[in-house]
Amino acid sequence: MNTLLYAAGGSFLLTLIIGFFLIPELRKLKAGQEIREDGPTWHKSKSGTPTMGGIMFITGTGVVVFLLGWQRMLAGEFWHLYVYLFALCFGMIGFVDDYRKVRQHQNEGLTPRQKFLLQLLAAIVFLSLMRYEGLLTNRIYIPGINAGFTVNWITYLAFAAFVIVGAVNAVNLTDGIDGLACSVTFAVMVFFAAAAAMWQLTTLALFPSALAGGLAAFFVYNHHPAKTFMGDTGSLFLGGAVAALAFAMDMPLILIPVGIIYIAETMSDIIQVAYFKATHGKRIFKMAPLHHHLELSGWSEAKLVTVFTGITAAGCLLAFWGIQGRY
């Protein structure tokens, strides 16, 4: 337990320090966020806020994971490294996307097709590595009833790739207002750290513990009014982290309760687009995803962050109760 506290505390301090120096450098590089034309009008005041701030918690988490996990790696334990590197692959995809946006001074980077193919490739590589190392099973565990069922490997890998890509993009979609993706994912990381610690998977628990500390520090710079945005660099990294931990701990269905906000955000977007096309221009929500609809309904950004994080925390508590009798 002390190791996990050191991981969280060390990552918090390191991320805080990195952010102090990184944000001015991003301003010098004119790495400002271009705001979507179809977003809420008051968001235009955020144009020019430095993006790619996710670099600070990616770096802080990585340093701590390597330093505190070094002895464990020498002993042949690499779980924490695998999940970090997998998340980093998605962070690199996001970085390329952010960099192209900054260079072209518009809110479009990689094409959706390019993003999808790169994300699918990363998912396949990760799943193949986990299976090769014997860290992945084809049994789907059902939380709450401590039961599960086994499917053939081809079906499982297709399911897993779909879930990973979907989860990554759901987290990315949630990153739409100051502090939202950061605070929601902080609660999810605390859940994964607690679950891993409960099952004495200390090596694996290092990563979510360190990332939770890094996200707490990032919130200092990202709460409203944000001094920096995490960008796709940060949000895709977080999506990769959430997905990787769910599969590394062999319980992908746990993403339903812990990721309830990610799911709600994604479904609101899907429903909006489908209804718009089916009715030739009519809308169910004032704007999608859900956080923009609530903004236009009068919710402040601070209220949205508080409520959505609270809902996520409740989902995480429910999930933690549901896995109590697993081992």
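Data overview
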item: Filter pass, residue 218 being at negative phi and crowded, with 24+ Cβ neighbours inside 10 Å; result: yes
item: Subset of the range 90-135 (residues that are in a loop (DSSP other than H, G, I, E, B), loosely packed, with under 13 Cβ neighbours inside 10 Å and modelled with pLDDT under 80); result: 105, 106, 108
item: Yes/no for residue 161 being in contact with a Ser or Thr (Cβ under 6 Å, 6 or more places away or on another chain) and open to solvent by less than 30 Å² (accessible area, probe 1.4 Å); result: no
item: Residues within the range 221-267 that are among the aromatic types (Phe, Trp, Tyr), open to solvent by less than 10 Å² (accessible area, probe 1.4 Å) and at pLDDT 95 or above, tallied; result: 1
item: Meets criteria (assigned to a loop (DSSP other than H, G, I, E, B) and under 26 Å from residue 113 (Cα atoms)) for residue 144; result: no
item: Any hit, the range 193-212, residues being closer than 25 Å to residue 50 by Cβ, of a type in the set (A, V, I, L, M) and in contact with a His (Cβ under 7 Å, 6 or more places away or on another chain); result: no
item: Scan of the range 280-327 for residues that are part of a helix (DSSP H, G or I), farther than 16 Å from residue 224 by Cβ and open to solvent by less than 70 Å² (accessible area, probe 1.4 Å), ordered by number; result: 290, 293, 296, 310, 312, 313, 314, 315, 316, 319, 320, 322
item: Number of the exception - residue 186 against (1) aromatic (Phe, Trp, Tyr); (2) open to solvent by less than 30 Å² (accessible area, probe 1.4 Å); (3) closer than 30 Å to residue 22 by Cβ; result: (2)
item: Unmet requirement for residue 176, which otherwise passes all of (1) open to solvent by less than 10 Å² (accessible area, probe 1.4 Å); (2) touching a His at 6+ places or on another chain (Cβ under 7 Å); result: (1)
item: Residue within the range 271-279 that is surrounded by fewer than 22 Cβ atoms within 10 Å (Cβ to Cβ) and closer than 25 Å to residue 225 by Cα present; result: no
item: Scan of the range 196-215 for residues that are surrounded by fewer than 24 Cβ atoms within 10 Å (Cβ to Cβ) and among the small types (Gly, Ala, Ser), ordered by number; result: 197
item: Candidate set from the range 1-25 (those that are farther than 14 Å from residue 64 by Cα and within 22 Å of the chain's Cα centre (by Cα)); member that is most open to solvent (accessible area, probe 1.4 Å); result: 22
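The values are calculated or read from the model by the stated rules, or taken from the named source; none is laboratory data. Only a predicted model underlies this, so the values are computations on that prediction, with no experimental measurement involved. We place every Cβ from the backbone using ideal geometry, glycine too, and count neighbours over all the protein chains shown. Calculation scope for accessible area: heavy atoms of the full protein, side chains included, ligands and nucleic acids excluded. Shrake-Rupley method; radii C 1.70, N 1.55, O 1.52, S 1.80 Å.
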